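Presented below is the structure to which this report refers.
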Amino acid sequence: MNTNQVIIFGNQPLASLAWYCLTHDSPWQVVAFTVDRAYINAKIHEGLPMLPFERLEETHDPARIRLLIPLGYRHINGLRMQKFNEARQRGYQFVSYISSRASVWPDLQIGENCMVYEHAIIQPFAHIGDNVIIRSGVHVGHHNVVDDHCFIGAEATLAGNVQLGERCFVGVNATVIDNLRIAERTFVGAGAVVIKNTEPDGVYAGNPARKLEHSSLEATSR
């Protein structure tokens, strides 16, 4: 694929933020946006055409263009996962963006459709899966594993040797101490301090973090 052209999925603020970052801090050229036809509310977004996702192949061959899907953590990251998997099945490949202002090492292992924002720190021996968003100021410690489809909010800290399971959400300024296993689809609230392994689909808040009664899907579906 000898092209640097990208289409961004979305028409909300996170899509605009991704467009701005790629335009000003990457070799990628954003040429359009796309969303499902039912959610198109304008033909132009950030000065670029808005295309129906269902018919994208008619104008943009998967062999000639890449996608970026910077959706948030709705449905405990399930919506972003769904669109990522659908686009992959249709033959599209993806870009990943790492801010020039982030601190990473040359041998960082990072998957497709990832975004690492400014002032994030990712230490040696960390592994980042596919479809992961790491917001500004996040600290990802050494030997961490961040599985696919996670979202880590601004200024959150993952200490050393943490495993973050698939579809986890870690809120703004939250902390996860060393050597913990954060189970799949865990929701860690803003400012929480996690000192024990978590359970799948749990919601954790407070310092120290305690498991709440409702599920992570309930917490992210409003």
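Bear in mind these aren't lab numbers, they're just calculated from the coordinates by the rules spelled out. What you are looking at is a predicted structure, and each value in this text was computed from that prediction instead of being measured. Every residue, glycine among them, receives a Cβ derived from its backbone with ideal geometry; neighbour counts consider all protein chains shown.
Structure notes:
- Look at where the Cα atoms of segment 21-39 and of segment 45-111 average out, and the two centres are 9 Å apart.
- For the chain, a Gaussian network of Cα nodes joined below 10 Å ranks F125, F94, F169 by mean-square fluctuation, and the top entry is F125.
- Bridge type composition, the chain - antiparallel percent by DSSP, nearest 5: 10 percent
- Mean separation of Cα contacts under 8 Å (6+ apart) over length of segment 129-222, as relative contact order %: 18 percent
- The chain, relative contact order [Cα under 8 Å, separation at least 6], %: 12 percent
- Highest GNM mean-square fluctuation among I134, I177, I121, for the chain modelled with Cα contacts below 10 Å: I177.
- Under 14 Å, Cβ to Cβ, from E58 - net charge with Lys/Arg +1 and Asp/Glu -1: +1
- Normalised by the number of residues in segment 4-116, the average gap of Cα pairs under 8 Å and 6 or more apart makes the relative contact order 26 percent.
- Taking 20 Å as the straight-line reach from the Cα of K211, the aspartates and glutamates in range (excluding those fewer than 8 positions away in the same chain) are E166, D178, E184, E199, D201.
- Secondary-structure-derived ellipticity at 222 nm for the chain, considering helices only, amounts to -4000 deg cm²/dmol, per-run term -39500 (n - 2.57) for DSSP H runs with n ≥ 4.
- In straight-distance terms, cross-link reach from K83 covers every one of the lysines whose alpha-carbon lies under 21 Å from its own, apart from those fewer than eight places away in the same chain; here that gives K43.
- Counting Lys and Arg as +1 and Asp and Glu as -1 over every other residue whose Cβ lies under 14 Å from the Cβ of V194, the net charge comes to +2.
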